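Participant: Here it is, the structure, as structure tokens.
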Amino acid sequence: MNKLNFLTPDKNNLYPYLYTGTVLFLLSIIIVLSNSLFNLDLIYFLPGTISFFLPLVLGFIGLHLIRIEYSGIKLLEIINKKINTNNFNALLSLLILFVIIKSLPPLLNWFIIDANFSGDSKDACSGSGACWAYIKTWFNRFMYGMYPNEEQWRINLSFVSLAFLGVVGFFATDKFKKFLTLYYVVVYPIIAFFFILFFISGGPIFFDFSYGIIAAVISIILGFFIPSKFKMYYFIIVPITLYILLKYVFFYEELIELGKLESLEWVETGAWGGLSLTFIVSFFCLIFCFPVGLFLSLGRRSDLPIIKYISIGFIEFWRGVPLITVLFMSSVMFPMFLPQDMFIDKLVRVIIAISLFEAAYVAEVIRGGLQALPKGQYDAAKSLGMGYWKLHILVILPQALKLVIPGIANTFLALVKDTPLIFVVGLLEIVGMLNLAKTNPEWLGFAMEGYVFASLVFFIICYAMSKYSYNLEQKYKTDR
Amino acid sequence: MSDKIIQIDKMNKWFGDFQVLKNINLEVEKNKKIVVCGPSGSGKSTLIRCINRLEEHQQGKIIVDGNELTEDTKDIEKIRAEVGMVFQQFNLFPHLSILDNCTLAPIWVKKLPKKDAEELALKHLERVQILDQAQKFPGQLSGGQQQRVAIARALCMEPKIMLFDEPTSALDPEMIKEVLDVMVNLANQGMTMIVVTHEMGFAKEVADEVIFMDEGMIVERAETKEFFANPKSERTKLFLSQIL
Ligand SMILES: Nc1ncnc2c1ncn2[C@@H]1O[C@H](COP(=O)(O)OP(=O)(O)OP(=O)(O)O)[C@@H](O)[C@H]1O
Ligand SMILES: [Mg+2]
């Protein structure tokens, strides 16, 4: 038997070290656990500072003793490799472990054990924990804002349809793959816009929309029987004719006025709100700010001085002002520049303002990617006879955009998290509704629950986005 | 006149205050192979980059295949499409497969149907003996293979002139030969070539004429045999003694 040397544990005396180490480590954990869970101080007899540091010292010695290489024990090797590679690491691991143990019980208490889940008034919440009844009662408002309850199916229907139209791309066959970019960049946003305009907003205009849909569906069905030679003309002429027929012949507008057909009730944008508004604002801002940013970044690198300086001026202006003042100006200043009788909806103004604001950031992110490409790529593309647009679309942008996916994702996440600021113009998305609910006299004092809820919702959205961007990055990784 | 495919007349070029090219006069006839050599920084790259206007010259005339290159040359892309170029750093497009690298310009610049472009690409890839790598990406190929792809990519535009800017100087010695073989082959098939290189073996084998540049000037221009047998200027002699 070799001599035991506690400073350098070795493989030959594996078990003595392993047992002592494990016991010490467990002891430290037990002391902290009992303190945290049962409020029981097992080492109360020791003076203050020592009892404070004792678990750390014990755990540290324990981890030191079990740090034995090539022990042949799987679990031990994993532990050593992941959290116990050296003394400093062991100390950090212990601290993290203790913090988790100390903070878990109070969190659990607040979130679940002492929390109230049922009831529909403030009185139901008597415990010291969270009042989830509050979230439950207000859930509808947090999702839909002031949108009338009986009309909320319109939002649901629109979102479900749009989600469906959004994922069809994943199932596209090879034949349609080449149209996907066109679909997502041009067609899909237009469809989404019409859904929002005609469905969620509603009003008499809804009929136009339904005629349009009926016309489109009928012409697509008929389209299968048309020889491909004429398809081009067919799909331009027939839908329009059908639409006109439907609108002016079959469903003559008077029918509506006669009360035989009822249109969807008009819901003004001021009443929209909650999470659905978060989605609407984020969606359109994301879609608009990207192309604008792209052109700005190209403009800033342009050889033409006018374009270059306009781009620089634009970018620096929007980067130089706070978003909140931009939003204020969009609602207060902007209408003053419009002709008297012209009116642009508040929501539209806000979306334009945020889009331009974020476009400046997107532009600089993309410029970073453009600058990262070696000059040789430009030379090669030029020497093959590509002009400015071909060179950028075919060679430069695919590479540059791939490089800046993380940066773009960053900007987009920031955009989504900036949407609550639209409260300054009176639009209340989820955080705005929360603040409203917070000040409701019957529900005073539950701000915490509300913010936790909103954080969770934002976290889910943002985490999904960041995961998606990571996937994109992996997908387009070709070199090296 | 008509078989002078490149004519450079009293051309001067500056980078800011620094004059890179001084009074360059050069005529290249169709199907001729010219090798350009000279010490580092003498302006060889700049000279051949001027020929497809990757660099702009400030004075003098450059006429390529009957078109003068000036600031308001409208169809500079068309002229560039007729002048293939191979770079020291290969400059393949890393986001595209080898085949797509070769078909990109024929499809989008020359408007060839995809199928024809692919056929053409495969033909040239076979010519540079890299057919079996067509589906790979540039990052997966060795330097020598990448450079041969770069040659094939330029050939796919069916250019009238090929410019090479030190095509082998970023390569390991054992890869140099495979690239030079391709170039010798190309020369034997009658391509007009201007090659910046330090591979004097290559120059002796294929070049019709050799040009020696120093400090932005063409110091000496002679038939290949003459150039190596009895160089006239002292500067050339010194250079040759160092490099051979
Ligand atoms: N874009 C540029 N701006 C300013 N100076 C430049 C630029 N490109 C090249 N030069 C300068 O012009 C001179 C000639 O450069 P060039 O690349 O043509 O030399 P070279 O003969 O090809 O040299 P090498 O054998 O090292 O490739 C060099 O002194 C270089 O520093
Ligand atoms: Mg050079």
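The values are calculated or read from the model by the stated rules, or taken from the named source; none is laboratory data. This structure is a prediction, so every number in the text was calculated from the model and none was measured. All Cβ positions, glycine included, derive from the backbone under ideal geometry; neighbour counts span all protein chains shown. For the accessible areas, the whole protein counts, side chains as well, though only heavy atoms, and no ligand, DNA or RNA atoms are used. Shrake-Rupley method; radii C 1.70, N 1.55, O 1.52, S 1.80 Å.
Participant: Assess whether B:ALA222 counts as being away from ligand 1 (no atom under 16 Å from the Cβ), in contact (Cβ under 8 Å) with a residue 60 or more places away in the chain and out of contact with any Phe, Trp or Tyr (no Cβ under 8 Å at 6 or more places or on another chain). Write out each step before concluding.
Facilitator: Details: away from ligand 1 (no atom under 16 Å from the Cβ): yes; in contact (Cβ under 8 Å) with a residue 60 or more places away in the chain: no; out of contact with any Phe, Trp or Tyr (no Cβ under 8 Å at 6 or more places or on another chain): yes.
Taking the combined requirement at face value, the residue does not satisfy it.
Participant: Could you please find all residues in the stretch A:431-480 being of a type in the set (Val, Ile, Thr), within 24 Å of A:TRP272 (Cβ to Cβ) and at pLDDT below 90?
Facilitator: Passing the criteria: only A:THR439.
Participant: Evaluate the following for B:ILE211: is it within 16 Å of ligand 1 (Cβ to nearest atom) and open to solvent by 30 Å² or more (accessible area, probe 1.4 Å)? So that I can check it myself, show each step before the final result.
Facilitator: Working: within 16 Å of ligand 1 (Cβ to nearest atom): yes; open to solvent by 30 Å² or more (accessible area, probe 1.4 Å): no.
Here the answer is no, as B:ILE211 does not meet what is asked.
Participant: Okay, next question. Check off (1) touching a helix residue (DSSP H, G or I) at 6+ places or on another chain (Cβ under 7 Å); (2) more than 24 Å from B:VAL109 (Cβ to Cβ); (3) within 16 Å of ligand 2 (Cβ to nearest atom); (4) of a type outside the set (Val, Ile, Thr) for B:ASN52 and give me the number that stays unchecked.
Facilitator: (2)
Participant: Answer yes or no: is there a residue in the stretch B:30-47 that is within 13 Å of another protein chain (Cβ to nearest Cβ), within 16 Å of ligand 2 (Cβ to nearest atom), in contact with a helix residue (DSSP H, G or I) (Cβ under 6 Å, 6 or more places away or on another chain) and modelled with pLDDT under 95.
Facilitator: Here is the first cut: in the stretch B:30-47, the residues within 13 Å of another protein chain (Cβ to nearest Cβ) are B:45-46.
Within this subset, residues satisfying the condition of being within 16 Å of ligand 2 (Cβ to nearest atom) are B:45-46.
If we keep only those that are in contact with a helix residue (DSSP H, G or I) (Cβ under 6 Å, 6 or more places away or on another chain) too, we end up with none.
No, the stretch B:30-47 contains no residue that is within 13 Å of another protein chain (Cβ to nearest Cβ), within 16 Å of ligand 2 (Cβ to nearest atom), in contact with a helix residue (DSSP H, G or I) (Cβ under 6 Å, 6 or more places away or on another chain) and modelled with pLDDT under 95.
Participant: Could I ask something else about it? Modelled with pLDDT of 90 or more, within 13 Å of the chain's Cα centre (by Cα) and open to solvent by 40 Å² or more (accessible area, probe 1.4 Å): is that true of B:LYS177 in this structure? Walk me through it before giving the result.
Facilitator: Details: modelled with pLDDT of 90 or more: yes; within 13 Å of the chain's Cα centre (by Cα): no; open to solvent by 40 Å² or more (accessible area, probe 1.4 Å): yes.
So B:LYS177 does not fit the description; no.
Participant: To continue, here is another question. Determine whether the stretch A:403-422 contains at least one residue that is buried (at least 19 other Cβ atoms within 10 Å of the Cβ) and of a type in the set (D, E, K, R).
Facilitator: no
Participant: Using beta carbons and a limit of 9 Å, which pairs, at least six apart or on different chains, have the first residue in the stretch A:54-79 and among the polar types (S, T, N, Q) and the second one surrounded by fewer than 19 Cβ atoms within 10 Å (Cβ to Cβ)?
Facilitator: Short answer, once both residue conditions are applied: A:SER71/A:LYS11; A:SER71/A:LEU14; A:SER71/A:LEU18; A:SER71/A:GLU77.
Participant: Need the failing condition index for A:PHE423 against (1) free of Cβ contacts under 8 Å to residues at least 24 places away in the same chain; (2) under 24 Å from the mean Cα position of the chain (by Cα); (3) within 14 Å of chain B (Cβ to nearest Cβ), just the number.
Facilitator: (3) is the only condition that A:PHE423 fails.
Participant: Still on this structure: Among the candidates A:ASN116, A:ASN149, A:ASN89, which residue alone is modelled with pLDDT under 85 and over 23 Å from the mean Cα position of the chain (by Cα)? If you could, list the steps in order and put the result at the bottom.
Facilitator: Numbers: A:ASN149 fails: modelled with pLDDT under 85; A:ASN89 fails: modelled with pLDDT under 85.
Just a single option satisfies the conditions, and that option is A:ASN116.
Participant: Now, a different point. Please pick out the residue among A:ASN80, A:ASN13, A:ASN89 that is in contact with an Asp or Glu (Cβ under 8 Å, 6 or more places away or on another chain) and open to solvent by less than 80 Å² (accessible area, probe 1.4 Å). Outline the logic, then answer.
Facilitator: On the way: A:ASN13 fails: in contact with an Asp or Glu (Cβ under 8 Å, 6 or more places away or on another chain); A:ASN89 fails: in contact with an Asp or Glu (Cβ under 8 Å, 6 or more places away or on another chain).
Unique residue meeting the criteria: A:ASN80.
Participant: What's the total number of residues in the stretch A:381-396 that are within 7 Å of another protein chain (Cβ to nearest Cβ) and of a type outside the set (Ser, Thr, Tyr)? Please lay out each step first, then the result.
Facilitator: At the first step, the residues of the stretch A:381-396 found to be within 7 Å of another protein chain (Cβ to nearest Cβ) are A:382-387, A:390, A:394-395.
Then drop every residue that is not of a type outside the set (Ser, Thr, Tyr), which leaves A:382, A:384-387, A:390, A:394-395.
Selection size over the stretch A:381-396: 8.
Participant: Taking the condition of being free of Cβ contacts under 8 Å to residues at least 24 places away in the same chain and among the aromatic types (Phe, Trp, Tyr), how many residues in the stretch A:343-368 meet it?
Facilitator: Total meeting the criteria: 1.
Participant: Follow-up question, since we're still on this one. Given the conditions (1) more than 16 Å from ligand 1 (Cβ to nearest atom); (2) part of a helix (DSSP H, G or I); (3) open to solvent by 20 Å² or more (accessible area, probe 1.4 Å), report the number of the one that B:GLU158 does not fulfil.
Facilitator: (2)
Participant: Let me ask you something else. Among (1) open to solvent by less than 70 Å² (accessible area, probe 1.4 Å); (2) modelled with pLDDT of 85 or more, there is one condition A:PHE164 misses while meeting the rest; what is its number?
Facilitator: (1)
Participant: Tell me yes or no: at least one residue of the stretch A:352-359 is within 14 Å of another protein chain (Cβ to nearest Cβ) and open to solvent by less than 10 Å² (accessible area, probe 1.4 Å). Walk me through how you get there before you give the answer.
Facilitator: Quick first cut of the stretch A:352-359, residues within 14 Å of another protein chain (Cβ to nearest Cβ) only: none.
Taking every residue of the stretch A:352-359 in turn, none turns out to be within 14 Å of another protein chain (Cβ to nearest Cβ) and open to solvent by less than 10 Å² (accessible area, probe 1.4 Å).
Participant: Sticking with this structure for a sec: Please determine, by comparing only the residues of the stretch A:39-72 that are among the polar types (S, T, N, Q) and open to solvent by 70 Å² or more (accessible area, probe 1.4 Å), which one is nearest to A:LEU91 (Cα to Cα).
Facilitator: Of the stretch A:39-72, the ones among the polar types (S, T, N, Q) are A:39, A:49, A:51, A:71.
From the residues that got through so far, the ones that are open to solvent by 70 Å² or more (accessible area, probe 1.4 Å) too are A:39, A:49.
Details: A:ASN39: 24, A:THR49: 18 Å.
Restricting to residues being among the polar types (S, T, N, Q) and open to solvent by 70 Å² or more (accessible area, probe 1.4 Å), the top hit is A:THR49.
Participant: Still on this structure: Find the residue count for the stretch B:49-99, including only residues that are without any contact (Cβ under 8 Å) to a residue 12 or more places away in the chain, more than 10 Å from chain A (Cβ to nearest Cβ) and acidic (Asp, Glu).
Facilitator: 2
Participant: Taking only the stretch B:190-202 into account, find how many residues are away from ligand 2 (no atom under 16 Å from the Cβ) and either farther than 22 Å from B:ILE98 by Cβ or crowded, with 23+ Cβ neighbours inside 10 Å (or both). Lay out the reasoning, then the answer.
Facilitator: Taking the stretch B:190-202 as the starting set, the residues that turn out to be away from ligand 2 (no atom under 16 Å from the Cβ) are B:190-193, B:200-202.
Narrowing the set further to residues that are either farther than 22 Å from B:ILE98 by Cβ or crowded, with 23+ Cβ neighbours inside 10 Å (or both) leaves B:190, B:192-193, B:200-202.
Here the count works out to 6.
Participant: Which fully enclosed strands (runs of 3 or more DSSP E) of the stretch B:1-119 have 1 or more residues being open to solvent by less than 70 Å² (accessible area, probe 1.4 Å), within 16 Å of ligand 1 (Cβ to nearest atom) and farther than 30 Å from A:LEU403 by Cβ? Steps first, answer last, please.
Facilitator: Details: elements: B:4-15, B:18-29, B:33-37, B:59-64, B:83-86.
Passing ranges, in order: B:4-15, B:18-29, B:33-37, B:59-64.
Participant: Could I ask something else about it? Just to be sure before I move on: is A:ASN12 touching a residue at least 24 places away in the same chain (Cβ under 8 Å) and of a type in the set (S, T, N, Q) in the structure I sent? Walk me through it before giving the result.
Facilitator: Working: touching a residue at least 24 places away in the same chain (Cβ under 8 Å): no; of a type in the set (S, T, N, Q): yes.
Judged against the criteria, A:ASN12 is not a match.
Participant: Ok, one more. Of the conditions (1) in a loop (DSSP other than H, G, I, E, B); (2) surrounded by 16 or more Cβ atoms within 10 Å (Cβ to Cβ), A:GLY445 satisfies every one except a single condition; which number is it?
Facilitator: Looking at each condition in turn, A:GLY445 falls short on (2).
Participant: Quick one: which of B:GLU215, B:GLU166 is of a type in the set (Asp, Glu), on the phi > 0 side of the Ramachandran plot, within 16 Å of ligand 2 (Cβ to nearest atom) and within 14 Å of chain A (Cβ to nearest Cβ)? Spell out the reasoning first.
Facilitator: Details: B:GLU215 fails: within 14 Å of chain A (Cβ to nearest Cβ).
So the residue among B:GLU215, B:GLU166 that is of a type in the set (Asp, Glu), on the phi > 0 side of the Ramachandran plot, within 16 Å of ligand 2 (Cβ to nearest atom) and within 14 Å of chain A (Cβ to nearest Cβ) is B:GLU166.
Participant: Among the residues of the stretch A:448-480, which ones are away from chain B (no Cβ under 14 Å) and not in a helix (DSSP H, G or I)? Explain how you work it out, then say what you get.
Facilitator: Taking the stretch A:448-480 as the starting set, the residues that turn out to be away from chain B (no Cβ under 14 Å) are A:448-471, A:474.
Listed by number, the list is empty, since nothing qualifies.
Yes/no matrix, rows are residues, columns are (1) under 15 Å from A:SER28 (Cα atoms); (2) outside the structural domain of A:TYR17 (by TED's automatic domain parsing); (3) assigned to a helix (DSSP H, G or I):
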{"position": "A:ASP41", "(1), (2), (3)": "yes, no, no"}
{"position": "A:LEU54", "(1), (2), (3)": "yes, no, yes"}
{"position": "A:VAL57", "(1), (2), (3)": "yes, no, yes"}
{"position": "A:ILE61", "(1), (2), (3)": "yes, no, yes"}
{"position": "A:LEU75", "(1), (2), (3)": "no, no, yes"}
{"position": "A:THR85", "(1), (2), (3)": "no, no, no"}
{"position": "A:LEU92", "(1), (2), (3)": "yes, no, yes"}
{"position": "A:VAL99", "(1), (2), (3)": "yes, no, yes"}
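Participant: Every residue in the stretch B:120-150 that is in a loop (DSSP other than H, G, I, E, B), open to solvent by less than 20 Å² (accessible area, probe 1.4 Å) and more than 13 Å from every other protein chain (Cβ to nearest Cβ), please. Can you show your working first?
Facilitator: Going through the stretch B:120-150, the residues in a loop (DSSP other than H, G, I, E, B) turn out to be B:128-130, B:134-137, B:141-142.
Filter once more, so that each one left must be open to solvent by less than 20 Å² (accessible area, probe 1.4 Å): B:128, B:130, B:134, B:141.
Residues satisfying the conditions are B:VAL128, B:ILE130, B:ALA134.
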